[in-house]
Amino acid sequence: MLTALKRYPNPVRLLLLTTFTLTMARAITLPYLVVYLADNFQLSVGRIGLVIGGALIVASLLSLYGGHLVDTVRNHTLVIASLLVFALAFVGAIASRSAALFFLCLVVINLALALVDIAAKAAFCALLPVEQRAEVFAIKYTLSNIAYAVGPMLGVALIELDGHLPFVVSALIGLAMCLAYQRLGVRDLQPQDRPQPGAGFGQVALGLLRDRRLVCFTLGGVLSAVVFGQFTAYLSQYLVVTRNPAEAARLVGYLVTTNAVTVIALQYLIGKRIDRRRLMPWLMAGMGLFVAGLLGFSLAGTALAWCLAMLVFTLGEIIVIPAEYMFIDLIAPEHLRGIYYGAQNLGNLGAALGPVLVGVALGHLVPVAVFYLLIGSVILASVFYWLGTRRAE
């Protein structure tokens, strides 16, 4: 991976560093959000879930317009503005005296992160030849997982020093990256010329609905994100219902570690080999691994069995996520890459819905049935992927 990074032009390396550090800044506050909301606003567990999940949903919906901005605003200007807003939103979170204002700050944080992420993807396509894009997407996802592995540990250490310190450090990281990008970011990366210069967001969004490949793939992305988007949340829900709290917490720790180690070790090696000319076989292999992993969860009785099932499940994640990036790269017109990646970001809706759907199922069905419902989601997602990919070939 380091060898590949050395081959990339400086703007690509800077964008990879920017997305990595912003993800790290976001991850630093993750272990403290629930506690912070409970202590400062006296919210119930249910309302805390609504605040955190709702902020992600609203930001995901708004990111579609963010993708439109990526297509119409100069990359340098948009990234700097997003970084500055990201930092200020963390300051606002610290200063918030109401849950509503804190919720708004969370929406802004998630949206700013999504904007930088979309801008980076679009820039990779503009700066790199087609044959190098699978590799850079694999590197980006590997770095994101490293950030999510390290960030929460750093956040826990900061909490021990001061309750507000995770937010302060995240704000400082955002500000530091803003200053760095102002100085080092490429300034001549302009949006592609539009065939219809006067087209507004509404007109462009309606145009997206007419691209059945994108619609099918977005629906597939939402359904698959139900399964892998927040798997730790729904596995925790299942284990709490079926085991005692201490055993559940221990198993979740093993599973999170297994997932992180597998992604960091294998994401780059597998992701760079994904061939845009054979996306359907790759996608179906990833979806098959999801099904196998979920079946493994449903049958697992020991910690080793759970970890082996997680290993298989994670291999599916390693394949599907870069393949999704490559599909959007394949079908997106040059002048609309931002809004196409913004549409792909709607997959976060599935990630937000996953724990909600599993929670409802656990309240009405035998616990193990949730895994078969999730397998159904994988199968339906595969149908939509097949429809979308078939039209792209």
Place a +1 charge on the Cβ of each Lys and Arg in the chain and a -1 charge on the Cβ of each Asp and Glu, then give the dipole magnitude about the Cα centre in debye, rounded to the nearest 20. 600 debye
Using a 10 Å cut-off around each Cβ, can you sort Met177, Met326 from fewest to most neighbouring Cβ atoms? Met326, Met177
Which one of Asp39, Asp329, Asp117 has the biggest mean-square fluctuation once the chain is modelled by GNM with Cα springs under 10 Å? Asp39
Karplus couplings for region 259-274 from phi (6.51 cos²θ - 1.76 cosθ + 1.60, θ = phi - 60°), rounded to Hz, Gly and Pro as x? 4, 5, 5, 5, 5, 5, 6, 10, 4, 5, 5, 7, x, 6, 8, 5
Shape verdict for region 211-393, please, from the Cα gyration tensor: rounded (a/c under 1.5), prolate (a/b greater than b/c) or oblate. prolate
With a Förster radius of 25 Å, plug the Cβ-Cβ distance of Ala260 and Ile379 into 1/(1 + (r/R0)^6) and report the FRET value to the nearest 0.05. 0.35
Which value results for Rg/Rh of region 97-169 when Rg is the Cα radius of gyration and Rh the Kirkwood radius based on the inverse mean 1/r? 1.11
What does the convex hull of the alpha-carbon atoms of the chain project to on average, in nm²? 18.6 nm²
Is it possible to state the helix-based mean residue ellipticity at 222 nm for the chain, with each DSSP H run of 4+ residues giving -39500 (n - 2.57), the sum divided by total residues, to the nearest 500 deg cm²/dmol? What is it? -29000 deg cm²/dmol
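Each reported figure results from applying straightforward, stated rules to the coordinates on display, with no laboratory input. All figures in this text were calculated on a predicted structure; none of them were measured in a lab. Glycine gets a Cβ as well: all are built from the backbone with ideal geometry, and neighbour counts include every protein chain shown.
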